[in-house]
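In what follows, a single structure is set out as structure tokens and then discussed.
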Amino acid sequence: MVSETKTFYLAVLPGDGIGPEVITEGVKVLRAIEAKLGDVQFVCQEFSVGASEYLRSGDPLPPETFEQIKQCDAILLGAMGLPDVRWPNGVEMTPQIDLREWLDLYGGLRPIRLHHAEDCPLKKYQAGAIDFLLVRESTEGLFAARKNLAALDAAEACDTMRITRAGSERLFRLAFQQAQKRRRKVTLVDKANVLPSMAYFRGIFDEISHEFPDIETERVYVDAMALYLVQRPHTFDVIVTENMFGDILSDLAAGLIGGMGMAPSADLGDRYAVFQPSHGSAPDIAGQGKANPIATILSVQMMLEWFGLAEGATLLGAAVEAVLRDPMQRTTDLGGTLSTAAMGDLVVQQIG
């Protein structure tokens, strides 16, 4: 009996800077998984989105492009934004954040896993000892004020943190559901001792926690969490927090495992999902073949899991683990000599 081929349609957004380079490796690895499984097909359509598209057309995310993206099963994104390409109010263009908000991708998943002891600056953790998931709310919080205008000659500028009950409830349920697949512990990060909005946030967390009596919980202020991530990162399983706090802490967490080139991410909603490395466009090394594609490749693994392709996700995860087991197999950001393409080739070889 011939099994039916499952087809998935992907919107591929290479973006700016090193985005096209790491996306090339992500798609390369995806094709290797496709060949290995045999019963799946990935149809990839590339779209121009980002600062470069703004320079070309005057819009970093044209409406017609957005409508086409919405027809796909998932979005694979490289990196977007260039420091010298900004809106008149002085902020950079961030169509990746527009996608989160327009597609209601409220659940930002940032897995942090140490693959080799030499990648950790703390120098006391073995591979796998640091292994937690940061769940970041991605549609509201302090980012909700990002499109407000602030005159540079004004006496003051204010941003407002927006916390809603509906947004918080779905975020916390996602975090608890993720913990059920892991080590059954959720840590809330807030600033409830100072900010009323965070006290409200914590109150909703406490309510939702009663729905998951099998999950251990703890509550940590964000400043203390910055300390604890350095002192005892091995004690955390799932960390859930507000948008801006998650933005900051996810970078700190990436530093524990070798840097942004090792940190994948997924932004999930009830219908749509975006998968991308946590790093930015790094225009200073763009076009030089120096970018680390591991974060993008691991984002592809997260996409396979989201599709329900457990076998493919396991194959890809094992391939990355095998490559990174050798500390000499590193790109320049981790002191190695491998090019972006060479690292992708090693992962493909392991899959094959």
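Within the stretch 209-237, the set of residues being in a helix (DSSP H, G or I) and either touching a residue at least 40 places away in the same chain (Cβ under 8 Å) or not assigned by TED's automatic domain parsing to the domain that holds residue 164 (or both) comprises 230, 233, 234. Condition check for residue 89 on (1) exposed (fewer than 13 other Cβ atoms within 10 Å of the Cβ); (2) within 23 Å of the chain's Cα centre (by Cα); (3) under 30 Å from residue 195 (Cβ atoms); (4) assigned by TED's automatic domain parsing to the domain that holds residue 320: one failure, at (2).
For every residue, the table says whether it meets (1) at pLDDT 95 or above; (2) crowded, with 23+ Cβ neighbours inside 10 Å; (3) closer than 22 Å to residue 139 by Cβ.
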| residue | (1), (2), (3) |
| --- | --- |
| 262 | yes, yes, no |
| 265 | yes, yes, yes |
| 273 | yes, no, yes |
| 292 | yes, yes, no |
| 301 | yes, yes, no |
| 313 | yes, no, no |
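In the set (1) within 21 Å of the chain's Cα centre (by Cα); (2) closer than 30 Å to residue 177 by Cβ, the condition left unmet by residue 46 is number (2).
Among the candidates 333, 251, single out the residue that is assigned by TED's automatic domain parsing to the domain that holds residue 233 and surrounded by fewer than 24 Cβ atoms within 10 Å (Cβ to Cβ).
On the way: 333 fails: assigned by TED's automatic domain parsing to the domain that holds residue 233.
Checking each option against the conditions leaves just 251.
Of all the residues in the stretch 281-296, those that are on the phi > 0 side of the Ramachandran plot and among the charged types (D, E, K, R) number 0.
Going through the stretch 278-333 one residue at a time, which ones are assigned to a helix (DSSP H, G or I), touching a residue at least 60 places away in the same chain (Cβ under 8 Å) and polar (S, T, N, Q)? If the condition is that a residue be assigned to a helix (DSSP H, G or I), touching a residue at least 60 places away in the same chain (Cβ under 8 Å) and polar (S, T, N, Q), then 296, 299 are the ones that fit.
Condition (residue is at pLDDT 95 or above and assigned to a strand (DSSP E or B)) applied to the stretch 122-131: is it met by at least one residue? Yes: the stretch 122-131 contains one or more residues that are at pLDDT 95 or above and assigned to a strand (DSSP E or B).
The values are calculated or read from the model by the stated rules, or taken from the named source; none is laboratory data. Since the model is a prediction, treat every value here as computed from it, not as a measurement. Using ideal geometry, Cβ is built from the backbone for each residue, glycine included, and neighbour counts are taken over all protein chains shown.
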